[in-house]
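Here's the structure, in structure tokens; my notes come after.
The values are calculated or read from the model by the stated rules, or taken from the named source; none is laboratory data. What you see is a predicted model, and the numbers here were worked out from it, not measured in a lab. All Cβ positions, even for glycine, are placed from backbone atoms using ideal geometry, and neighbour counts span all protein chains on display.
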Amino acid sequence: MTNRRPLAPRRQVPIDANALDLFARIVAAGSFASAARGLGLTRAAVSRRVRTLEAALGQPLFARTTRALGLTEAGRALAAKARAVAEATDAARVGFRHRGAGYSGTLRVTAAPMFGHRLLAPLIARFMARHPQLRVELTLTNRRVDLLREEVDVAFRVTQRPPEDWVARPIARFAVRAWARPRGGVPLAAPEALAGEPCLVFTPPTDSVVLQWRHATRTARVELTPACASDDLSTLVSLALHGPGIVFAPDFMVDPLLQAGELVDVLPGWTLALPAAEQLWALTLAHPAAPEAARALVQAVAEAFTPAPAR
């Protein structure tokens, strides 16, 4: 008979209300990623906390597959208790918020000028009106900002791969097209015709620039000499409004001008292929480093870009 050493007793890890609140919100959201966005956390942080909770209980809570996130028997048993904790947390949070007049302190925000001038500024103005005790520092720059080192709370950026250590929320997809004042004759037949037009290009000073254009049926590569090159897209749009130039800008930036008939699409069906991305993101530090006002601002901006449901 073989003598076997007894198993060491499992070290008990305390389970706090925060862990149960997190578990309940993952169950309600249906995925780690959705819960992370709602809580202002990274997905990696949510996964770590779940692993800690499972270690404390000594058994898995989620049955993970490539298509869905389900609950184990232990998870189902814990879900009701966790939901009660989450509901109590929400009630306390709402009650505390109603005691004051909104957010206060300083909120530091940065965005690309093309987004900040025309779209973000009105949204921030409305946000400040709802929270008169809040002070906002807004920096408009095309430079990539380090949120942590420069103590920025929210960054609105166009990027293909948001940093993994920031909480990234998609705000809007966009397309860059060719815009100009209404002009006589028909629109340009193809991007190659741009070579003979005064083009206003968002680029550092240069003698020539090569642009790749996309259509549903083909692509076109065009080299042209800008009539004006600038690192400020808002200035280029203003030039197009007051002269014969053609500006290449995101559709969300010129939409009010299109609605007013001040600009038109001179290359219908064609979009400019961007090397970076065609997605605008809101980036914040993970909770609790990100102030609640930062998450509220991101929510307000996202709602402004969300189409209203069809009736």
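Of the conditions (1) in contact with an Asp or Glu (Cβ under 8 Å, 6 or more places away or on another chain); (2) modelled with pLDDT under 80, residue 37 fails just one. Which one is it?
(1)
Name the residue that is nearest to residue 118 (Cα to Cα), counting only residues in segment 237-287 that are assigned to a helix (DSSP H, G or I) and of a type in the set (Gly, Ala, Ser).
238
For segment 134-167, which positions are in a strand (DSSP E or B) and surrounded by fewer than 14 Cβ atoms within 10 Å (Cβ to Cβ)?
The first filter runs over segment 134-167 and keeps only residues in a strand (DSSP E or B), leaving 134-140, 154-158, 167.
Listed by number, the residues that qualify are 135, 137.
Listed here are the residues, each with its yes/no results for (1) in contact with a Cys (Cβ under 9 Å, 6 or more places away or on another chain); (2) in contact (Cβ under 8 Å) with a residue 24 or more places away in the chain; (3) assigned by TED's automatic domain parsing to the domain that holds residue 245.
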{"site": "127", "(1), (2), (3)": "no, yes, no"}
{"site": "134", "(1), (2), (3)": "no, yes, no"}
{"site": "141", "(1), (2), (3)": "no, yes, no"}
{"site": "149", "(1), (2), (3)": "no, no, no"}
{"site": "216", "(1), (2), (3)": "no, yes, yes"}
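Between 200, 211, 194, which is surrounded by 15 or more Cβ atoms within 10 Å (Cβ to Cβ) and in a helix (DSSP H, G or I)?
Just one listed residue meets the conditions, 194.
Taking interchain pairs and intrachain pairs at least six residues apart, which have beta carbon atoms under 8 angstrom, with the first residue in segment 186-203 and among the polar types (S, T, N, Q) and the second modelled with pLDDT under 90?
Close Cβ pairs satisfying both conditions: 203/231.
Suppose the filter is of a type outside the set (Lys, Arg), over 31 Å from the mean Cα position of the chain (by Cα), modelled with pLDDT of 90 or more and not in a strand (DSSP E or B); does residue 189 pass it? Let's see the steps before the verdict.
Values: of a type outside the set (Lys, Arg): yes; over 31 Å from the mean Cα position of the chain (by Cα): yes; modelled with pLDDT of 90 or more: no; not in a strand (DSSP E or B): yes.
No.
Looking only at residues in segment 192-230 that are of a type in the set (S, T, N, Q) and within 33 Å of the chain's Cα centre (by Cα), which one is farthest from residue 246 (Cα to Cα)? Before the answer, list the steps.
Let us first name the residues in segment 192-230 that are of a type in the set (S, T, N, Q), namely 203, 206, 208, 212, 217, 219, 225, 230.
Add one more test, that the residue is within 33 Å of the chain's Cα centre (by Cα), and what stays is 203, 206, 208, 212, 217, 219, 230.
On the way: 203: 14, 206: 17, 208: 16, 212: 16, 217: 23, 219: 20, 230: 13 Å.
That would be 217.
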